[in-house]
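The structure under discussion appears below in the form of structure tokens.
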Amino acid sequence: MRIFQNVDDLGNLREALDEAFAIQKDRFQFQSLGKNRTALLIFFNNSLRTRLSTQKAAMNLGMNVIVLDVNQGAWKLETEHGVVMDGDKSEHLLEAIPVMASYCDIIGVRSFARFESRDYDYNEVILNQFIQYSGRPVFFMESATVHPLQAFADLITIEQYKKEDRPKVVMSWAPHPKALPQAVPNSFAQWMNAADVDFVVTHPKGYELDPRFVGDARVEYDQMKAFEGADFVYAKNWSCPGVTRPDDYGRVLEDYNKFLDWTVSGRQMGVTNDAFFMHCLPVRRNMIVTDDVIEAPTSLVIPEAANREISATVVLKRMLQSL
Ligand code: AN0
Ligand code: CP
């Protein structure tokens, strides 16, 4: 595997899940695979889980790891082509990428949506430059539009905890004071569409996700109706994807205070099939989800985060095998 961006990059999903469960049983079985190989993890944005779990995954495989926080210690990078660099940016990404690539075998990049232009974000301009100019396998550690390591860990978690063969999985928008990207819901929708689950999305009108990720998944605007009989509830906020009104892209459409009844609480969980609660974290309590729901025995947020190590180990293993 040379690129890890979309669910299709894994090929047969059942085989990928079986590989994940085998790694869960013995995460050190491929220790010799990464000997004298180096993973470079590049962060343009903050991270707790991705940073730690991906380093841990590389160590499970016997790799060396270098972590770069671009905004702390590296030169400020220009990412646009053709600009006169007379501002605060001292180096261009087009030099920085091949230089960084020369020190490693595999590159992971985190670069969130900037919300300046929908086209710029949805064309994945930054990550595509890494793919084009690094000559290395590249995996997405949350880009402008996708977060595949998260979605893979989410699917592993659902497979691990499901009580029905084909569980009902509900992804619910929840309120948040600041504009957040669509990467997590985009990937979750893409992966749920590929998995054997009954998938429903619920959000207020105006937050419709891009069809290239949500496909023809069922959308239910009545949150309580969507939650009926759910086996898994996946909460997440996202800003306006700008599908029907591109000018609204990246905006919080209305004051979050008007949507506090969308906060996942015992009221909605009460109509589910004793559903498990999931969230990618970091989460704002009593905004996205109430304390009692996230602290309940049915909350999977910690095992879900722990599975990030497993998804990253499978992905890095496959990339090592492609070198
Ligand atoms: C990010 C997001 O919503 O995409 C990262 C989630 C993994 N969250 C925040 O910026 C709070
Ligand atoms: N879920 C997730 O990717 O968390 P971090 O932003 O802390 O890496």
2 or more residues buried (at least 19 other Cβ atoms within 10 Å of the Cβ) and either within 16 Å of ligand 1 (Cβ to nearest atom) or polar (S, T, N, Q) (or both): qualifying helices (runs of 4 or more DSSP H) within the stretch 1-104: 49-60
In the stretch 135-153, what count of residues is obtained for those that are within 16 Å of ligand 1 (Cβ to nearest atom) and closer than 23 Å to Leu320 by Cα? 13
Can you name every residue in the stretch 119-152 that is touching a strand residue (DSSP E or B) at 6+ places or on another chain (Cβ under 9 Å), open to solvent by 20 Å² or more (accessible area, probe 1.4 Å) and of a type outside the set (D, E, K, R)? Ile131
Checking Glu142 against (1) touching a Ser or Thr at 6+ places or on another chain (Cβ under 9 Å); (2) farther than 16 Å from His279 by Cβ, which single condition isn't satisfied? (2)
Looking only at the stretch 232-247, which residues are within 14 Å of ligand 2 (Cβ to nearest atom) and open to solvent by 10 Å² or more (accessible area, probe 1.4 Å)? Lys236
Would you pick out the residues in the stretch 268-301 that are within 16 Å of ligand 2 (Cβ to nearest atom), assigned to a helix (DSSP H, G or I) and more than 16 Å from the chain's Cα centre (by Cα)? Ile294
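The values are calculated or read from the model by the stated rules, or taken from the named source; none is laboratory data. Note that the structure is a prediction, hence the values are computed from the model and not measured. Neighbour counts are summed over all protein chains in view; Cβ atoms, including those assigned to glycine, are modelled from backbone coordinates with ideal geometry. These accessible areas exclude ligands, DNA and RNA; they are computed on the full protein's heavy atoms, side chains included. Shrake-Rupley method; radii C 1.70, N 1.55, O 1.52, S 1.80 Å.
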